[in-house]
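Trainee: There's a structure below that I have some questions on.
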Amino acid sequence: MSFGSPYVTLPDFAYHRPKSLDEALALLKEHGEEAKVMGGGVGLIAFMKERLMSPAHVIDVKEVPELRQVRHVPGKGLSIGAAVSIKELLEGGTLRGYAVLEEALARVADPMIRSRATLAGNLCEAIPWVDSPPALIALGASVEIAGTGGTREVPVSGFIRGPVDIDLNPGEIVTGIMLPDPKGTLSAFEKFTAGSEFSLASVAVALAGGGRKRSVAMVYGAVSSTPVRCAEAEQAVADGLTPANVRRAADMASEKVECVDDVLASAAYRRHLVKVITTRVLRRMMSA
Amino acid sequence: MTADAFVGKAVPPEDTVRKVTGTALYTYDWEVPGTLYAKLVTSTVPHAKIVRISLESAKAVPGVVAVLTGKDMPFRVGMYAGDRDLLAVEKVRWAGHPVALVVAETLEAGERASELVDVEYETLPAVFDPVKAMEADAPLLHERMEEYKHAPVFYPVPGTNIANRFRLVHGDVEKGFGQADELVEEEFRISHVSHAYLETQNVVAQAYRDGTYEIWTSAQSPFVVRQIISESLNIPYNKITIRVPFVGGGFGGKAGLQWEALAAMASKAVGYRPVKLVLSRKENFSSGASREGVVANVKAGFTKDGKCVAYKVRFVLDAGAYADYTVNVSRAMGYSAEGVYEVPNVQCESLAVYTNKVPTTAMRGFGYSESNWVLEQVFERAAKKLGMDSAKIRRVNLLRPGESHTATGEKVREDVGDPRKVLQTVLEGIDWDGKVERPSEPWKVRARGFALCVKGPSQPPNASSSAILKFNEDSTIDLVLGTGNFGQGTATAISQMVADQFGVAVEKVRVDPVRDTGKSAYTWQTVGSRGLFTDGVATLRACEDAKGQILDLASQVMRLPKSELEVAEGAVKAKGRPWLSIPLRELVFGYVYPNGNTVGGPVIGRGQYTSSLNTYLDPQTGQGVPTIFHTFGGTAVDIELDLVTGAIEVKKAVQVFDVGKAINPLLLKMQLDGGFIMGMSIALFEKIKFDEQGWVMNPNFTSYYLARMKDVPKDFVARYVETPQFDGPLGARGIGELSMISVASAISNAVFRSTGVKLNNLPMSPEEVWAAISSQKPELLAKAMESYGRVETAVKARQ
């Protein structure tokens, strides 16, 4: 992972703009590893400028109608097409019930980028400092993938394998993100940034069910190479959001969540921030 | 138009329309037919001998015209230290050092080929810490330093990494410490920062077969670019034309030579075709120059009544691989050590030291910002130790115009400004004696602090300026200036002065946006906040010259003695008999009698300015007169510190400067606001981070943080004091750089006053502040975390 590019130009590539999913898949089949799918292009073009990726074929899916939809699938949840922009998602209460994702997306970069970037793209970039992956993992979201051989669905938690490393094979395309029915899930997102849109630490929390069936997900982003859940912190608030539990969760998270040193922050500061944002997010949820 | 119709008025900058409509042209827009595109190939190692460079594969890329190396242009170039190469010769000195230049028909081909240049290195030991670089066994960056052409006021130490050693001695500092009741001893550090101009460095150069060169460049000082190329490459001055169109920001980073000589030599090497070189932001960070880092060690002695009796400081500048301009920064940092105070005993050493990092250069503030970061905090720390109000300790020590001497032994004239009035205005602006507002949250601290500053231009004593004023047929004026125009609005302010000199509308005065060494009036450089002062005086003299010519002619035509005539309201009038007048239009292109006889001709006024007051500084003691003016000023802030995250938010900013005369209050306010934001950005956010090999790790603006709109304080107070300077243009002094100098110190002082936490390192990023609180006042952080985590009412999760 690097920042910035010595290059001013992009590597040579052929540009395709399919009008249907079948056409997109045919192009992917034809070009295999030589092809990359582009949504908003926010991540891909930066990667291409840095020569982290030099696809000979760029397949722009912004006009693929199947990928432009947001659909409620009865019994499953909300399916968000891969080419839907973050700005579109934030409009009209689409994400009602998914507060954690709404809050995360509302603070992605700036309005100009949000009107270009897609949720699927934000996820597929798989860079550590972006905001949507922890929120999606907390909600138990999965990635809908189509290939010429059919479709498959993988949980977001397994989809991100490492920095800029995702579970997507040549010839496959992410068609959408499936958010399970919220069913009264209480959720929230917090992040701390020090001067740019990239988080130094973020946390996504989702509380579902009640009583013995209560489930808690606390997912930390930007602190290490991939989003990480913290079972100990989840355990600490499993029997309810009380001041003592919140404090214990914050302490546990700060102790257990693996934090790394990188160019943006030290591990020690990140550990402290984990405590701060855990406290903040849970306290906010208590008073919700 | 009356004689004061425009001076003192808020005239919008003359280039606004072009900028907001996107029609302002920059160097990047310059597309000459047949242009070739250049691409740098840079070193991957910090310090190494070049064993072999293989160019074959790069040259084989279709479209590549040439691949050049240091052997093709083995010149040593520079202005003050003369230590630079155009491309690495024999060895590389930092990771990012250009070793080759690919020149191709397209940028795509050039970039592809740049990956194929294979350089074999023999690694040398490297040094990244400037203090370690001064040790006897440190690896040497410049083995042949004694051969470099240093300007006379610099003192390199050949055989070491010290590019310049400036010394200042005033009184007897040890004796002073003997008189002190309290001592303040600290180490301060300042990070490398980027100028972060929007337009990265770029140049278009063409060599011609007749031996001439034309160069378009995004530069602050075209005449100095010409000077360096001419002197270093032995080309007569008049064979080189430097053209500077609109410039997308400079902040000192484009003050000296950038890539102009390289592009010119490349153009010659490829058979006299134009060559364009544009740096990406990453290249600008890792191969261009930044502001130096500093390690400062200070010891100051104060008596019980607050008098600073001794001040001893050593600045070590992390100058990087080339210190061509930074040697002068070290000099300025040294002689500005004492700031706005009169201290009887001062000892200062300021060393520019080579390290295997990016080269460094001038930046807005030019050493004064760095010395201010040390001095103004020392005074705050002393105030606390002495239990004295921050304002009182300053009043005790402030320079007294008409009585005091500066650290360099210069008598402070009565007309240089009024530091006491500045201080008073700063205190009023922030309501110093009023109650501090309550913080928005119990784990936050609301606090106020301030700092004072002073600065003048760091220029050679013989630095001069000139202006040419040409009347057109309709009596409009083309004012020919050399001073650069990259956002300051100097041309607008000077045009206002010209308009009033002739009693015409300011719209009648035009300054061409392009600076051209062949056509513009000479000015040494556009740096150091000198433009309005030096080029302003030159312009007023050009106005006088033109008026003299006009009055001579009018005297002849009107048959009245010259002494009875005056230029006013766009005409020549007989004093006391305004009905006897001739419009300028009938005079400035010659007066035509009814029968066609014509006397006179096109009027061209000329003026120049060179200070007769400046001197070199004594090599042992640093005594002398280094600058043409001192602008006094100060900054106060009202901040909120989040103890839990370490984040500092500026709620209110107060900026006060004694500008002598506010020629254009609108531009002045823009400078004060803009300078505050830049100063705040450097104070709170900006830091170039290096890895263990000296590579810049954060060469873009998602990882190199800059202040953004949300960080700008809502409450901005910009005030000015007007103590006219006898030799300034209409009494004015420079302001451009000043407005950012005391910002960081003011913020840090606010934190220290309220919490006792010392923030000695720039930037005061949240992490840095958190680390300082954690180590210095853990109980403060624990208490804040306690209140942060306190939740009174538990709300059950929604089922």
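The values are calculated or read from the model by the stated rules, or taken from the named source; none is laboratory data. Since the model is a prediction, treat every value here as computed from it, not as a measurement. We place every Cβ from the backbone using ideal geometry, glycine too, and count neighbours over all the protein chains shown. Ligands, DNA and RNA are stripped out before the accessible areas are found, and what is left, the full protein with its side chains, is counted by its heavy atoms. Shrake-Rupley method; radii C 1.70, N 1.55, O 1.52, S 1.80 Å.
Trainee: Do the alpha carbons of any pairs in B:Lys254/B:Lys652; B:Lys91/B:Lys282; B:Lys299/B:Lys384; B:Lys71/B:Lys357; B:Lys385/B:Lys777 sit beyond 20 Å of each other, and which pairs?
Mentor: Where the Cα-Cα span goes over 20 Å, the pairs concerned are B:Lys254/B:Lys652; B:Lys91/B:Lys282; B:Lys71/B:Lys357.
Trainee: Can you find, among A:Asn169, A:Gly81, A:Val70, the residue farthest towards the positive end of the dipole of the range A:65-180? Put +1 on the C-beta of Lys and Arg, -1 on that of Asp and Glu.
Mentor: The residue sitting most towards the positive pole is A:Val70.
Trainee: Which of the lysines could be linked to A:Lys29 by a straight reach, that is with a Cα gap under 28 Å, when you skip same-chain ones fewer than 8 residues away?
Mentor: Of all the lysines, those that pass the test against A:Lys29 - Cα under 28 Å, at least 8 places apart if same chain - are A:Lys19, A:Lys49, A:Lys62.
Trainee: Still on this structure, I have one more. With a 10 Å radius around each residue's Cβ, average the other Cβ atoms per peptide and rank A:175-182, B:582-589, B:236-243, highest first.
Mentor: Top to bottom by mean Cβ count within 10 Å: A:175-182, B:582-589, B:236-243.
Trainee: Still on this structure: In the range B:390-409, which residues have a backbone nitrogen under 19 Å from the label point lying 7 Å from B:Asp305's Cα in the Cα-to-Cβ direction?
Mentor: B:390-401, B:403-405
Trainee: Step through the table entries B:Lys508/B:Lys573; B:Lys276/B:Lys508; A:Lys191/B:Lys39; B:Lys421/B:Lys689; A:Lys213/A:Lys275; B:Lys508/B:Lys714, compare each Cα-Cα distance with 31 Å, and write down the pairs that go over it.
Mentor: B:Lys276/B:Lys508; A:Lys191/B:Lys39; B:Lys421/B:Lys689; B:Lys508/B:Lys714
Trainee: Would you calculate a helix-derived [θ] at 222 nm for the protein assembly as shown, using -39,500 (n - 2.57) for each DSSP H run of n ≥ 4 and dividing by the full residue count, to the nearest 500?
Mentor: About -8000 deg cm²/dmol.
Trainee: Right, another one. For the range B:389-399, in order, what is each residue's ³J(HN,Hα) by Karplus, 6.51 cos²θ - 1.76 cosθ + 1.60 with θ = phi - 60°, in whole Hz (x at glycine and Pro)?
Mentor: 5, 4, 6, 5, 4, 6, 4, 4, 9, 4, 4
Trainee: Turning to a different aspect of this structure: Counting only heavy atoms of protein chains, what accessible area per residue, in Å², does the range A:14-60 have with a probe of 1.4 Å?
Mentor: 47 Å²
Trainee: Report in % the part of the accessible area of the range A:14-60 that belongs to carbon and sulfur, leaving out ligands and nucleic acids; probe 1.4 Å.
Mentor: So the carbon and sulfur contribution to the accessible surface is 52 percent.
Trainee: Just report the Cα centroid separation between the range B:188-251 and the range A:30-109, whole Å.
Mentor: 44 Å
Trainee: Another question, then. Among the residues of the range B:81-116, which ones have their accessible area go down by 30 Å² or more when all the protein chains sit together, as opposed to their chain alone (1.4 Å probe)?
Mentor: Those residues are B:Leu107, B:Glu108, B:Glu111, B:Glu115.
Trainee: A further question on this structure: Are there residues in the range B:688-731 whose accessible area shrinks by at least 30 Å² when all protein chains are included rather than the chain by itself, and which are they (probe 1.4 Å, ligands and nucleic acids not counted)?
Mentor: SASA drop of 30 Å² or more in the range B:688-731: B:Lys689, B:Met697, B:Asn700, B:Thr702, B:Ser703, B:Tyr705, B:Arg708.
Trainee: May I pose another question? What's the ranking of B:383-390, B:495-502, A:149-156 by average number of surrounding C-beta atoms within 10 Å, highest first?
Mentor: Those peptides, ordered most packed to least, come out B:495-502, B:383-390, A:149-156.
Trainee: Here's something else I'd like to know. Can you give me the % of accessible surface on the range A:65-180 that is carbon or sulfur? Probe 1.4 Å, all protein chains present, nothing else counted.
Mentor: 53 percent
Trainee: For B:Ala568, which sequence-distant residues (separation of 5 or more, or a different chain) have an amide H within less than 5 Å of its own amide H, given hydrogens modelled in the peptide plane?
Mentor: B:Lys573
Trainee: Counting partner chain Cβ atoms within 10 Å of every residue's Cβ in A:188-200, what's the average?
Mentor: 4
Trainee: For chain B, with every protein chain kept in place, what is the accessible area per residue (1.4 Å probe, Å²)?
Mentor: The answer is 36 Å² per residue.
Trainee: Once B and A are treated as a pair rather than alone, how much accessible area drops out, both sides summed, in Å² to 100, probe 1.4 Å?
Mentor: When B and A are taken together, about 3800 Å² of accessible area is lost.
Trainee: Say R0 is 22 Å: what FRET efficiency, to the nearest 0.05, do B:Arg559 and B:Asp4 get from their beta-carbon distance?
Mentor: Efficiency, rounded to the nearest 0.05: 0.10.
Trainee: Measuring from a point 7 Å past the Cα of A:Glu197 along Cα-to-C-beta, which residues in the range A:34-62 have an amide N at less than 18 Å?
Mentor: A:38-50
Trainee: Please compute the volume of the convex hull spanned by the alpha-carbon atoms of the protein assembly as shown and report it per residue in Å³.
Mentor: Cα-based convex hull of the protein assembly as shown, divided per residue, equals 194 Å³.
Trainee: Something else about it: From the residues A:Ser254, A:Ile277, A:Gly209, which one has its Cα farthest along the dipole of the range A:186-286 in the positive direction, the dipole being from +1 and -1 charges on Cβ of Lys/Arg and Asp/Glu about the Cα centre?
Mentor: Projecting each Cα onto the dipole axis, the largest value belongs to A:Gly209.
Trainee: Dipole size in debye (nearest 20) for the protein assembly as shown around its Cα centre, Lys and Arg Cβ +1, Asp and Glu Cβ -1?
Mentor: The calculation lands at about 1700 debye.
Trainee: Below 8 Å, C-alpha to C-alpha, sequence gap of six or more: please give me the relative contact order for the range A:16-62 in percent.
Mentor: Once divided by the residue count of the range A:16-62, the mean separation gives 55 percent.
Trainee: Report the charge-dipole magnitude of chain B in Debye, nearest 20, computed about the Cα centre from +1 at each Lys and Arg Cβ and -1 at each Asp and Glu Cβ.
Mentor: 780 debye
Trainee: Can I ask one more? Could you sort A:70-81, B:30-41 so that the peptide with the highest average Cβ count within 10 Å comes first and the rest follow in order?
Mentor: So the peptides A:70-81, B:30-41, ranked by packing, come out B:30-41, A:70-81.
Trainee: Let me ask another. Report the normalised scattering of the range A:14-60 as log10 I(q)/I(0) at q = 0.19, 0.34 Å⁻¹, calculated by the Debye formula with identical scatterers on the alpha carbons.
Mentor: So the normalised log intensities are -0.55, -1.28.
Trainee: To continue, here is another question. Give the carbon-plus-sulfur fraction of the accessible surface of the range B:423-495 in %, rounded to a whole number; probe 1.4 Å, heavy atoms of protein chains only.
Mentor: Here carbon and sulfur together make up 44 percent of the probe-accessible area.
Trainee: What distance in nm separates the two pseudo spin-label positions at B:Glu135 and B:Gln620, each 7 Å out from Cα along the beta-carbon direction?
Mentor: 3.3 nm
Trainee: Also: Would you tell me the mean number of C-beta atoms belonging to other protein chains that fall within 10 Å of each C-beta in A:239-250, as a whole number?
Mentor: The per-residue average across the peptide is 3.
Trainee: With contacts defined as alpha carbon pairs under 8 Å and 6 or more residues apart, what's the relative contact order of chain B in percent?
Mentor: Here the relative contact order equals 16 percent.
Trainee: Just want to confirm a number: the relative contact order over the range B:565-620, from Cα pairs under 8 angstrom separated by 6+ residues, in percent.
Mentor: 17 percent
Trainee: Let me ask something else about it. Just going by the charge dipole of the range B:652-778, with Lys and Arg at +1 and Asp and Glu at -1 on Cβ, which of B:Ser748, B:Phe726, B:Gly679 is farthest out on the positive end?
Mentor: Looking along the dipole axis, the top candidate is B:Ser748.
Trainee: What is the distance in Å between the Cα centres of the range B:315-388 and the range B:639-718?
Mentor: 19 Å
Trainee: With the other protein chains left in place, how much accessible area per residue, in square angstrom, belongs to the range A:186-286 at a 1.4 angstrom probe?
Mentor: On a per-residue basis, the range A:186-286 sits at 33 Å².
Trainee: Okay, moving on. Quick one: Cα centre-to-centre distance for the range B:106-152 and the range B:457-515, in angstrom?
Mentor: 42 Å
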